[in-house]
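Worksheet: one structure, shown below.
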Amino acid sequence: MQVAIVGGGIGGLASAHFLAQAGAQVTLYEASDQLGGLGTFFKYRDTYLERFYHCMLPTDRHLLALLHDVGLVADTYWKETSFGYLRGQDLYPLNTPLELLKFSALPIRDRLRIGLTGLWGSIRSSKGLDDITCADWLTRLSGRRAFEAFWRPMLEAKFGDRYDRVPALWFWTRFNREKGGKRERKGYLRGGYRRIALAVADSVRAQGGTIRLATEVRRLDLAEDGRPTVLVEGESPRVFDRVLFTAPLFFLRKTTAGGRLAPVVESVDAGIDMQGVVNAVLMMRRGLTPHYWVAAVDESIPFQGIVESTTLLDQADTAGVHLVYLMNYTHRSAPLFQQSDAEVLRQYWGSLKALFPDLRDDDLVDQFVFRSPFVEPIYTTGYLRRRPPTELLPGRVYLATAAQVYPDVTSWNGATRLAREVTEQMLRQWSAA
């Protein structure tokens, strides 16, 4: 089976690995000069750092199985981490029932209802949650006051003014992946996520696969005999038996426009849009808090979350600095996306100093900005019914994109799970034919 894979994120890489492992002849096309998608990296001093923060959870069985396949499981390490909630300059740890009871920013009745919301979310089934919004469900469980003061700012941090359309199933899945009623524990791989991407790519090549970097697919179409064709700049269209598309749906619409596949894409296109991110990476001489992730929910702050990777990563994986990520999840059309790196960094650093008045300018060693326009779908109720099918054209063209990972959390684990399911489907159909 001659298979083309479009996109070199973890979904494309994992798919290439599974297919090559089964004997398919794989050619993977990646438009950029790096593999890993949102797991891409940059060199800093004598090591490589992620442009966007990453970690593993003990429940990430699909990703951990892939690491086992490529011989990396022994190099993972795990630490207990924690969550903080920043309101003004007051930092509240929120990891245990006792800490929630001490959360003086809310009346005691609201604290109790939030705790019961978490307990109920950890034991109830997910049935029906795709058809009710987070806003309605959390308001019903925690009360209007607790929702407005506690839950709504965090939803707005992730989805902006579209927060009120997000299904409760998104929250339920995320909560049970992160917490599930247990103490938070996260993992990382020595050498970072770059090492995962390179190891999976090496596995693909060792099994006869081809990986083409800096090779943008300009057109995806069908030949006269119905087989899919892939066109890249300066080459004739190449015919394959199967194509698996793993890049954002935006590019699927673009590469199939005006061709034989366009009507098929239009028939399954539910108008799914994606949320992006503007992310600053700060190298600092000191840490800020003892927490891995801190929610910063003040409307005047230009970022909504603080991730201190240093609370998880070994010093060898951070080039010896304290590594802090400040992120703002926002649509690619938002003004923030158009601002210069210098302006973004000025705003982010100024706001961080306002939150932590003892911060000094010489605490900052280096700083960088990275953007991604396509991070996660903007979910709406009934998303499961609108989720694109994995088989776009029976027996020919398949999809394994971020828009289809739901209800799993958009993560390397979710993408790996989807990749395995789709490639197994492709192989079954190939054998049957």
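Would you point out which residue out of T47, T40 is over 29 Å from W430 (Cβ atoms), buried (at least 21 other Cβ atoms within 10 Å of the Cβ), out of contact with any Pro (no Cβ under 9 Å at 6 or more places or on another chain) and of a type in the set (S, T, N, Q)?
Of the residues listed, the single one that is over 29 Å from W430 (Cβ atoms), buried (at least 21 other Cβ atoms within 10 Å of the Cβ), out of contact with any Pro (no Cβ under 9 Å at 6 or more places or on another chain) and of a type in the set (S, T, N, Q) is T40.
Working only within region 36-70, note down all residues that are more than 14 Å from A14 (Cβ to Cβ), in contact with a helix residue (DSSP H, G or I) (Cβ under 7 Å, 6 or more places away or on another chain) and in a loop (DSSP other than H, G, I, E, B).
Listed by number, the residues that qualify are F52, Y53, H54, L57, T59.
Would you check which residues across region 117-154 are buried (at least 21 other Cβ atoms within 10 Å of the Cβ) and aliphatic (A, V, I, L, M) and list them?
L129, L138, A146
Of the conditions (1) part of a strand (DSSP E or B); (2) over 16 Å from W293 (Cα atoms); (3) out of contact with any strand residue (DSSP E or B) (no Cβ under 6 Å at 6 or more places or on another chain), K79 fails just one. Which one is it?
It is condition (2) that K79 fails.
Of all residues in region 293-317, which are more than 21 Å from the chain's Cα centre (by Cα), under 23 Å from R195 (Cβ atoms) and either at pLDDT 95 or above or assigned to a loop (DSSP other than H, G, I, E, B) (or both)?
Scanning region 293-317 gives a single hit, D314.
Looking at R238, R285, R242 in this structure, which one is more than 28 Å from Q25 (Cα to Cα) and of a type in the set (K, R)?
Just one listed residue meets the conditions, R285.
Report every pair of residues separated by at least 6 positions or lying on different chains whose Cβ atoms are under 8 Å apart, first residue within region 302-319 and touching a residue at least 40 places away in the same chain (Cβ under 8 Å), second in a loop (DSSP other than H, G, I, E, B) and of a type in the set (D, E, K, R).
Every condition considered, the pairs that remain are D314/R190; A316/R190; D317/R190; A319/R45; A319/D46.
Does region 384-399 contain at least one residue that is within 30 Å of L282 (Cα to Cα), touching a Gly at 6+ places or on another chain (Cβ under 8 Å), not hydroxyl-bearing (S, T, Y) and not in a helix (DSSP H, G or I)?
no
The values are calculated or read from the model by the stated rules, or taken from the named source; none is laboratory data. Note that the structure is a prediction, hence the values are computed from the model and not measured. Glycine also receives a Cβ, built like all others from the backbone with ideal geometry; neighbour counts cover every protein chain displayed.
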